[in-house]
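One structure is given below, encoded as structure tokens.
The values are calculated or read from the model by the stated rules, or taken from the named source; none is laboratory data. All figures in this text were calculated on a predicted structure; none of them were measured in a lab. Note: ideal-geometry Cβ built from the backbone for every residue, glycine included; neighbour counts use all protein chains shown. SASA here: full protein model, heavy atoms, side chains in, ligands and nucleic acids out. Shrake-Rupley method; radii C 1.70, N 1.55, O 1.52, S 1.80 Å.
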Amino acid sequence: MKYFKAGQYKLINPGKFKKNSKRIINLISESKKIILTTHINPDGDALGSELAFYDYLKQMGKKPVIINHSPTPDNFKFLDRKKIIRFYHRDREENNRLLKNADLIFILDTNQYSRTKCMADPIRKSQAKKICIDHHLGSNENHYEVILSDTNSPATSSILYEYFKLQNLNIINRKIATYLYAGIMTDTGSFRYPRTTEKTFSVCADLVKRGADPVWLYDEIYNNLNPEKIKLFGKFVTSITYHFGGKLAVGVVTLQDFKDYHSDVQDVEGFSTFIMSIGGVEAGFVIVELKDSLKCSFRSKGNINIKAFANLFNGGGHKNAAGASLPHQNPFEFKKRLISEYKKFYKK
Ligand code: 5GP
Ligand code: MN
């Protein structure tokens with residue numbers, strides 16, 4: 001299977017990137033109250049981008065605030081030792097006030113307000129100018145003052161690297177290097193996913209030079225599984241079924257599983273990566289039953305555009321990694337529907 005050739009990566013539109021970066025710098029200097037946010041269930045790239053941008057704004061003399069919909073997963077808590085990140089639900093009134101009165105709101109690692117869940121409405125209604133920095137495929141759902149996007153980038157964190165580079169690479173101190181490295185490492189699946197190129201390594205080499213510790217970061221983020229999670233993983237593995245001669249694999253995690261193994265949605269991290277490691281599998285789905293919804297992860301290899309499939313369920317993401325959130329329903333019934341939809345999709 002052919003992926004990107006190493007070294008082929010370049011910013012899709014360097015001229016536009018530069019122009020938009022300048023507009024962002026101007027908007028920052030005009031603004032006092034700046035808020036950063038990201039998508040529900042933040043991953044390493046979402047958190048790494050937010051924390052790096054927070055530190056950068058502090059260097060610019062600003063007092064930014066990060067407000068997230070979901071709590072930080074346990075294995076990323078070490079990135080936010082000072083507990084800078086606010087959680088929307090913890091003080092909804094105050095957070096609504098902050099959003100309402102902001103001058104500027106940055107939405108990182110997603111281009112859809114709706115991915116911030118119940119923060120979407122206060123964001124929409126806020127007088128603030130909104131800026132999106134993201135590497136996902138576009139959506140016309142929302143209005144932004146500036147969109148700094150590059151869908152060739154393996155991570156939002158690597159877009160930020162380019163943005164800092166346009167100004168002065170010395171912005172990237174040890175802390176920022178650590179955040180950006182964490183973002184790139186996690187969003188590339190530790191340098192295995194298709195958008196990993198020669199450029200990814202040269203950016204990461206520079207981040208290591210500037211103080212990011214790759215061994216320590218890997219250890220903190222990945223070598224930290226709790227024993228209950230291993231049991232949940234075992235259950236997940238036994239749930240996997242194969243279809244279309246082994247080209248499609250589907251696994252399910254239910255509310256009962258979470259209950260049985262004292263775990264929750266953050267413990268599902270990595271399951272979709274695992275499913276794609278099975279020989280012969282070209283597409284993999286993970287269906288996770290939550291209290292009020294079903295969360296689906298869709299993965300594919302090569303030319304199968306799984307984002308287009310996710311769109312059928314109002315989801316989105318990237319060509320080879322996408323997801324969707326659906327109203328609560330029986331996960332096994334939904335699985336049947338998913339497989340029959342995939343059959344039609346695959347034929348096309
Ligand atoms: P994951 O399966 O790891 O949750 O998500 C994989 C990719 O799909 C992420 O890049 C994420 O942005 C996207 N994604 C996941 N869930 C949703 C969703 O409910 N809506 C949209 N638009 N994208 C999603
Ligand atoms: Mn990302």
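Summary of computed values
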| quantity | calculated |
| --- | --- |
| Filtered residues of the range 234-266 (kept if open to solvent by less than 60 Å² (accessible area, probe 1.4 Å), closer than 27 Å to Pro71 by Cα, part of a helix (DSSP H, G or I) and in contact with a strand residue (DSSP E or B) (Cβ under 6 Å, 6 or more places away or on another chain)) | Phe236 |
| Given (1) hydrophobic (A, V, I, L, M, F, W, C); (2) at pLDDT 95 or above; (3) assigned to a loop (DSSP other than H, G, I, E, B), number of the condition Cys132 does not satisfy | (3) |
| Top-ranked residue in the range 267-281 [being within 16 Å of ligand 2 (Cβ to nearest atom) and on the phi < 0 side of the Ramachandran plot; ranked as least open to solvent (accessible area, probe 1.4 Å)] | Ser272 |
| Odd one out for Gly302, checked against (1) within 21 Å of Asn41 (Cβ to Cβ); (2) not in a helix (DSSP H, G or I); (3) not aliphatic (A, V, I, L, M) | (1) |
| Test set (1) in the same structural domain as Ser325 (by TED's automatic domain parsing); (2) farther than 27 Å from Asp74 by Cβ; (3) in contact with a Leu (Cβ under 8 Å, 6 or more places away or on another chain) - Asp206 fails condition number | (1) |
| Options Ile159, Ile184; residue that is within 16 Å of ligand 1 (Cβ to nearest atom), under 26 Å from Glu220 (Cβ atoms) and in contact with a strand residue (DSSP E or B) (Cβ under 8 Å, 6 or more places away or on another chain) | Ile159 |
| Residues of the range 40-68 that turn out to be open to solvent by 10 Å² or more (accessible area, probe 1.4 Å) and either farther than 22 Å from Asn168 by Cα or within 16 Å of ligand 1 (Cβ to nearest atom) (or both), as a count | 4 |
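One line per residue, one yes/no per condition, for (1) hydroxyl-bearing (Ser, Thr, Tyr); (2) within 16 Å of ligand 1 (Cβ to nearest atom); (3) in the same structural domain as Phe236 (by TED's automatic domain parsing):
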position	(1), (2), (3)
Val252	no, yes, yes
Gln256	no, no, yes
Tyr261	yes, no, yes
Asp264	no, yes, yes
Asp267	no, yes, yes
Gly280	no, no, yes
Val288	no, yes, yes
Lys295	no, yes, yes
Arg299	no, yes, yes
